[in-house]
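What follows is a single structure, written as structure tokens, with notes after it.
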Protein chains: 2
Amino acid sequence: MADAPGGEGLLFLTDEQVRKGIEAMFFAYRGFTADPDRILDGMNYGRAHHRAIHFVHRSPGTTVSNLLSILGVTKQSLNRVLRSLIEDGLVRSEKGKADARERHLYLTEKGQMLERELSDAQRARMRAAYRAAGPVAVTGFRQVLEAMMDPDMRRHYTRLKEGG
Amino acid sequence: MADAPGGEGLLFLTDEQVRKGIEAMFFAYRGFTADPDRILDGMNYGRAHHRAIHFVHRSPGTTVSNLLSILGVTKQSLNRVLRSLIEDGLVRSEKGKADARERHLYLTEKGQMLERELSDAQRARMRAAYRAAGPVAVTGFRQVLEAMMDPDMRRHYTRLKEGG
DNA sequence: CTTGGAAAGTCAACAAGGCTGACGTAAATT
DNA sequence: AATTTACGTCAGCCTTGTTGACTTTCCAAG
């Protein structure tokens, strides 16, 4: 089960091996979201709010339509989330200067505090997993994930990666 | 950006690097579920049905309570899904012989056909990602995912892995 | 043999977070 | 001036998760 590279190029592509990867994704994603979910449970927020907060933090001043395309939901769905975040003073929405139809989104101080709390928890788990698996594994991890994305999403991912 | 092991043990653990991993998980999981979602859309089924089908296929004869603990949902939630699958003749539920309170679950022929269709699609993407990233990356991928799981889920994952 | 508790199923009610469709407004573009 | 774009909003629906209460079935311990 060494999964050695090279001559064994076929072995690791058996249905069973691929199925194990599928299950790994399923179980790992649960762990991935568990900590932020726990924090948000009790506030009036959920995973959708977390995602909005994450990407506004990541790209301050991003527009609603850009966020829509990153998150892959409808504007009605995003708007419900965004409205509550704005009402609660976590997100600030500013009319665009160049194009006044656009709204540019920013985290307020309060929003940054929650973002920090959520991402601290999520990063702690990710960091622990990275540490346990080692640097080589981390590189492979990201390579496979990137190859798994739809092209549109990979575009977003790469743009964020470079920007970050 | 060689992410070499050893001396650079700190470099790849910067917050930014970890954030990229978080985003990779987010975008990749979307791709991961996209193909089965497309297939199920139009049938009366959703992702929850897919999960049930997957794990019944994986462990034929598993009990409801085992499935509950794997899926991490309430029995009411699972029951709704299971009921429709049984009514539609995709899943067969059998009273246990040793313990007649338990129900053992199996895919019918029809259920196996849908399972095959769903997993063919999902495996095709996973296989392509594996091929693109290479065997070493695949090993790392699974190592990181496994380290990311909650212990309880890792137990399930490992048991399935050995059983498979 | 009775009884306590576990396993399973079911009903009702609710919430989060997706979706579609329709409509309105302001601003940019043609 | 007309059209398109970006955004917001209302209304209604679906899936999939939740709690709580209750029943039936059955094993196992007293």
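What to note about this one:
- Principal-axis analysis of the Cα atoms of chain A puts helix A:15-40 at an angle of about 30° to the longest axis.
- Burial ordering of B:LYS97, A:LYS110, fewest other beta-carbon atoms within 10 Å first: B:LYS97, A:LYS110
- Ranked B:LEU67, A:LEU68, criterion: other C-beta atoms within 10 Å, fewest first: A:LEU68, B:LEU67
- Each copy carries a label point for B:SER69 at 7 Å from Cα along the beta-carbon vector; from one copy to the others these points are 4.7 nm apart, nearest first.
- Counting only lysines at least 8 places from B:LYS95 when in the same chain, those with an alpha carbon closer than 18 Å to its own are B:LYS75.
- Per-copy distances of the A:ARG83 label point, shortest first, in nm (7 angstrom along Cα→Cβ): 3.3
- More than 24 angstrom apart: percent of Cα pairs within the stretch B:25-164: 36
- Taking a straight Cα-Cα cut-off under 16 Å and skipping sequence neighbours fewer than 8 places away in the same chain, the aspartates and glutamates within cross-link reach of B:LYS110 are B:GLU87, B:ASP88, B:ASP120.
- Chain B, rotation onto A, residue closest to that axis via Cβ, with its distance in Å: B:GLY140, 1
- A:GLU115, B:GLU16, A:GLU23, B:GLU117 arranged by Cβ crowding within 10 Å, fewest neighbours leading: B:GLU16, B:GLU117, A:GLU115, A:GLU23
- Distances between copies at A:MET113, taken between label points 7 Å from Cα along the C-beta direction, are 5.9 nm in increasing order.
- All distinct Cα pairs of the protein assembly as shown go into the 1/r average, and the inverse of that average, the Kirkwood radius, is 21.3 Å.
Quick note: the coordinates plus some simple rules give every number you see, no bench work behind them. Fair warning: this is a prediction, and the values are worked out from it, not measured in the lab. Using ideal geometry, Cβ is built from the backbone for each residue, glycine included, and neighbour counts are taken over all protein chains shown.
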